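Enquirer: Let me begin by handing over the structure; questions about it come next.
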Amino acid sequence: VAGTGPWADRAGTGVDATLDDRMRGLLARSAADDGVVLARDAFCARCRGDRSRCDELVFVLDGVGGLARVDRDLLKVYMANVGLAYANAGLTREIIASQREMIRTLSDIVETRSLETASHVTRVGEMAGRLARHLGLDEEACAVIQLAAPMHDVGKVGIPDRILNKPGRLTDDEFAIMKTHALVGHAILCKSGQRIMQAAARIALEHHERWDGTGYPRGAAGEDISV
């Protein structure tokens with residue numbers, strides 16, 4: 001992952017191609033010695049990373065002879081903290097991946113029920129992300145919008161099939177019911193405190209508003225509609 005000194009140009013290479021026999025021997029010892037070995041002039045430590053992938057984090061210092069006991073203890077504390085941070089980073093990636101999978105699944109359910117063309121919601125997300133970048137929003141905001149936009153029609157789960165999939169023109173009464181999907185979608189999504197879900201709730205509420213104020217459900221106009 002990273003290296004300095006004699007290992008500065010070895011980032012991304014395997015342990016066997018990077019370390020000599022002496023250092024590999026110390027690493028082997030560290031596996032059976034609480035994960036930490038301090039030799040006369042070297043320090044080796046390892047800790048568990050992402051348990052789902054059986055990752056290990058290996059930390060090596062060479063040429064560090066004459067360390068006091070307090071230095072050794074500080075290195076152990078440092079390594080424990082690095083391991084914890086590494087594990088938390090893996091957990092964060094897992095949570096993000098789970099959120100994305102949930103969003104895709106929820107969007108696919110709505111798409112299937114409303115007989116939309118294939119991958120409609122995916123294209124909506126992609127187009128929304130590109131429009132956000134065109135507007136100059138920061139990359140995090142663009143990513144949030146791209147993830148949230150596919151849920152714009154989630155409120156259609158509350159619309160009867162006879163209206164949702166009616167082949168002909170809707171009556172005024174039927175259209176009034178259809179328009180409630182914006183409010184239903186907002187009600188479903190707004191309960192979460194997560195940024196992506198909050199964005200999805202706003203998109204669900206406002207995706208049929210129009211600049212001239214002739215949209216629904218609130219008839220918002222101009223910059224009263226969120227980006």
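The values are calculated or read from the model by the stated rules, or taken from the named source; none is laboratory data. Because the structure is predicted, anything quoted here is derived from the model rather than measured. Methodologically, a virtual Cβ is constructed for each residue, glycine included, from the backbone with ideal geometry; neighbour enumeration extends over all protein chains shown. Protein only, heavy atoms only, side chains kept; ligands, DNA and RNA dropped before computing areas. Shrake-Rupley method; radii C 1.70, N 1.55, O 1.52, S 1.80 Å.
Enquirer: So residue 164 passes all but one of these: (1) over 14 Å from residue 150 (Cα atoms); (2) of a type in the set (A, V, I, L, M); (3) within 31 Å of the chain's Cα centre (by Cα). Which condition number does it fail?
Expert: Evaluating residue 164 over (1) over 14 Å from residue 150 (Cα atoms); (2) of a type in the set (A, V, I, L, M); (3) within 31 Å of the chain's Cα centre (by Cα) leaves (3) as the failure.
Enquirer: Please work out if residue 18 is modelled with pLDDT of 80 or more, touching a Lys or Arg at 6+ places or on another chain (Cβ under 9 Å) and of a type in the set (S, T, N, Q).
Expert: Numbers: modelled with pLDDT of 80 or more: yes; touching a Lys or Arg at 6+ places or on another chain (Cβ under 9 Å): yes; of a type in the set (S, T, N, Q): yes.
Yes: the conditions hold for residue 18.
Enquirer: Here is a follow-up. Within region 14-29, take every residue that is open to solvent by less than 70 Å² (accessible area, probe 1.4 Å) and part of a helix (DSSP H, G or I) and give me the one that is farthest from residue 64 (Cα to Cα).
Expert: First pass over region 14-29, keeping only residues open to solvent by less than 70 Å² (accessible area, probe 1.4 Å): 14-15, 17-19, 23, 25-28.
Right, trim to part of a helix (DSSP H, G or I) and you get 15, 17-18, 23, 25-28.
On the way: 15: 20, 17: 22, 18: 18, 23: 13, 25: 17, 26: 14, 27: 16, 28: 19 Å.
The qualifying residue farthest from residue 64 (Cα to Cα) is 17.
Enquirer: Tell me which residues, restricted to region 187-227, are under 22 Å from residue 109 (Cβ atoms), assigned to a helix (DSSP H, G or I) and open to solvent by 60 Å² or more (accessible area, probe 1.4 Å).
Expert: 188, 198, 202
The rows are residues; the columns are (1) on the phi > 0 side of the Ramachandran plot; (2) modelled with pLDDT of 75 or more; (3) open to solvent by 50 Å² or more (accessible area, probe 1.4 Å).
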{"position": "54", "(1), (2), (3)": "yes, no, yes"}
{"position": "60", "(1), (2), (3)": "no, yes, no"}
{"position": "64", "(1), (2), (3)": "no, yes, no"}
{"position": "69", "(1), (2), (3)": "no, yes, yes"}
{"position": "77", "(1), (2), (3)": "no, yes, yes"}
{"position": "82", "(1), (2), (3)": "no, yes, no"}
{"position": "89", "(1), (2), (3)": "no, no, no"}
{"position": "95", "(1), (2), (3)": "no, no, yes"}
{"position": "101", "(1), (2), (3)": "no, no, yes"}
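Enquirer: Does any residue in region 117-143 that is within 16 Å of residue 202 (Cβ to Cβ) come within less than 7 Å, Cβ to Cβ, of a residue that is at pLDDT below 90 six or more places away or on a different chain, and which pairs are these?
Expert: 124/150; 125/147; 125/150
Enquirer: Can you tell me which residue is nearest to the chain's Cα centre (by Cα) among those in region 1-13 that are surrounded by 13 or more Cβ atoms within 10 Å (Cβ to Cβ) and assigned to a loop (DSSP other than H, G, I, E, B)? Outline the logic, then answer.
Expert: As a first pass, look at region 1-13 and keep what is surrounded by 13 or more Cβ atoms within 10 Å (Cβ to Cβ): 3, 7, 10.
Those left that are additionally assigned to a loop (DSSP other than H, G, I, E, B): 3, 10.
Numbers: 3: 28, 10: 29 Å.
Filtering region 1-13 for residues that are surrounded by 13 or more Cβ atoms within 10 Å (Cβ to Cβ) and assigned to a loop (DSSP other than H, G, I, E, B), the one nearest to the chain's Cα centre (by Cα) comes out as 3.
Each row is one residue, and each column tells you yes or no for (1) out of contact with any Asp or Glu (no Cβ under 8 Å at 6 or more places or on another chain); (2) not in a helix (DSSP H, G or I).
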| site | (1), (2) |
| --- | --- |
| 124 | yes, no |
| 141 | yes, no |
| 149 | yes, no |
| 157 | yes, no |
| 168 | yes, yes |
| 185 | no, no |
